[in-house]
Amino acid sequence: MIKLEKIITEIWNDIDSWMNNDIRLISSEKSVVFNFAWELAKKYPKKIKFIDFETNLFNDFSDGKFLDLFIIFNDGTNDIKIGIEFKFPHKKARGSNQTVSRQKIINDIKRINWLVENGKIDLGCFLCITNETGYINPGNFRVAPEFITHQGKIYEQNEILPSNEFFIEEVIALNRIEFNWRYVELVNNKFRIDNDKKFSFLNPIFIKK
């Protein structure tokens, strides 16, 4: 049986290399999704049974009905339904809206959990890239302080994930969720991204039963 977590991490590592070494210009979240799907299909053409963008898998869930990427992958024995959500908050001319994006990151993880729990997918994954240290460092947040994404943050298995009036669903974590950001170091009690890297990539967060 093919280890799907390993394959997804392999593709994620490719994108990491492209973006941090100026091999390929990827400037938007949609471009990240497309390049991930393209590379997966190119490397495993005989294993991909179906692939779709913006798939309607949610009847009624905060932040929309659509999943970023839906894949049916044959692992050599079974057809496995994979669902992936992506986030790419980053600084261009202005910074991203970190207050909103923090909440959406956690909500994406909740959405993946919900899909797995309800049998819509077999394996869920959350993938994120940023060049803003506000997502990587703890902070004294006045708005949505429980929606935390900083380096080393852990939501334990069976913990109820954060909710509020905008992201209302109460979802229990099926697995232990850890935020492990690449290429960061602690300097003067603050995490910063290594000088030779443009982006910090979050290690894939996998959800399954």
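The values are calculated or read from the model by the stated rules, or taken from the named source; none is laboratory data. What you are looking at is a predicted structure, and each value in this text was computed from that prediction instead of being measured. Methodologically, a virtual Cβ is constructed for each residue, glycine included, from the backbone with ideal geometry; neighbour enumeration extends over all protein chains shown. Accessible surface areas use protein heavy atoms only, side chains included; no ligands, DNA or RNA. Shrake-Rupley method; radii C 1.70, N 1.55, O 1.52, S 1.80 Å.
Taking every residue in segment 22-34 that is more than 14 Å from LYS87 (Cβ to Cβ) and open to solvent by 30 Å² or more (accessible area, probe 1.4 Å) and pairing it with any residue that is modelled with pLDDT of 95 or more and not in a loop (DSSP other than H, G, I, E, B), at least 6 positions away or on another chain, the pairs with Cβ-Cβ distances below 6 Å are ARG24/TRP18. One residue stands out among those in segment 176-205 that are of a type in the set (D, E, K, R) and exposed (fewer than 14 other Cβ atoms within 10 Å of the Cβ): the one that is nearest to LEU127 (Cα to Cα), which is ARG176. Give the residues of segment 64-91 that are among the acidic types (Asp, Glu) and either assigned to a strand (DSSP E or B) or surrounded by 21 or more Cβ atoms within 10 Å (Cβ to Cβ) (or both), sorted by residue number. Passing the criteria: ASP68, ASP79, GLU85.
Listed here are the residues, each with its yes/no results for (1) of a type in the set (A, V, I, L, M); (2) under 19 Å from ILE15 (Cβ atoms).
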residue	(1), (2)
PHE50	no, no
LEU57	yes, no
LYS65	no, no
THR77	no, no
ILE84	yes, yes
GLN103	no, no
ILE109	yes, no
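The residues of segment 100-135 that are among the aliphatic types (A, V, I, L, M), outside any helix (DSSP H, G or I) and surrounded by fewer than 23 Cβ atoms within 10 Å (Cβ to Cβ) amount to a single one, LEU123. For segment 40-58, check the following and say yes or no: at least one residue is in contact with a Lys or Arg (Cβ under 6 Å, 6 or more places away or on another chain), within 30 Å of PHE166 (Cα to Cα) and open to solvent by 40 Å² or more (accessible area, probe 1.4 Å). So far as segment 40-58 goes, yes, one or more of its residues are in contact with a Lys or Arg (Cβ under 6 Å, 6 or more places away or on another chain), within 30 Å of PHE166 (Cα to Cα) and open to solvent by 40 Å² or more (accessible area, probe 1.4 Å).
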